[in-house]
Amino acid sequence: MADVPDAQTRIILRPIGSPLPLGFFAFAVGVAMTSLLSLDVFPQQDARQVAVILVAFTGPLEALAAVFAFLGRDVGSGTAFSILGGSWVLTGLSMLSAAPGARSPVLSAFDFVLALILLLLAGSAIAGKPALGILLVASGVRFVLSGLQQLSGQVTLAHWSGIIGLVIAAVGLYGGLATILEDSRGRLVLPTGRRGRARESLEEGLDAQLAGVQSEAGVRNQL
């Protein structure tokens, strides 16, 4: 019986630009606009314009960042950006369909569930990417406040949500700047607290990057 030659498998990886800056910056815009609305910097009559920004700008860009995060084999960032992008679109559509200042128990429940999901995602993200983890934790807290405000209608809760939102926007802007500098220079520039594999991805060689690729989704035969 003739010997069967060893099978040779080639795995082709396509280099892409990091989607993290896009995700961070798009998120910062969305949270800044809604926070200014919550703080009454914008009158409630401008809620529809803010909604258009969420639906036409923030949501699609978050979705685009999510797609490239998955293509870049970063399931955590891809999942976070997907969920956040969907939440922006839903928030915008709700603002377009409801009267300014209207309250909804359905949206309140959605905010609470979304807050729980973001806190769970933060638990895994903070181990390697603390900047993303902090953003997710703060966003989860903000969604809790938003859910409570939807139920009670208390203006104080809306104002606290707006204040926390502006802090989140600042974190998003910093994260976007830090990650775009990392991607353009190929090394850590601004401190983001990267640890473990997240840090090795910038500092280690190609062999370290390919270790374990055979067990990743898209290569293994079962998800």
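The values are calculated or read from the model by the stated rules, or taken from the named source; none is laboratory data. This one's a predicted model, so the numbers in the text were calculated from it and none came from an experiment. Note that each Cβ is placed from the backbone with ideal geometry, even for glycine, and that neighbours are counted across all protein chains shown. The protein model used for the area step is the full one, side chains on, heavy atoms only, and it has no ligands, DNA or RNA in it. Shrake-Rupley method; radii C 1.70, N 1.55, O 1.52, S 1.80 Å.
Annotations
- Put simply, when 169-180, 135-146, 39-50 are sorted by average Cβ atoms within 10 angstrom per residue, most first, you get 135-146, 169-180, 39-50.
- The calculated FRET efficiency for the pair residue 155 and residue 127, based on their C-beta separation and a Förster distance of 45 Å, comes to about 0.75.
- Computed FRET value (nearest 0.05) for residue 184 with residue 102, which takes r as the C-beta separation and R₀ as 35 Å: 0.20
- Share of carbon and sulfur in the accessible heavy-atom surface of segment 111-175 [1.4 Å probe, %]: 80 percent
- Residue-span extension gain [residue 71 to residue 113] - 0.36 nm each, minus C-alpha spacing: 12.4 nm
- Working from Cα pairs under 8 Å separated by at least six residues, relative contact order for segment 24-131 is 28 percent.
- Averaged per residue, segment 25-156 has 45 square angstrom of accessible surface, using a 1.4 angstrom probe with ligands and nucleic acids left out.
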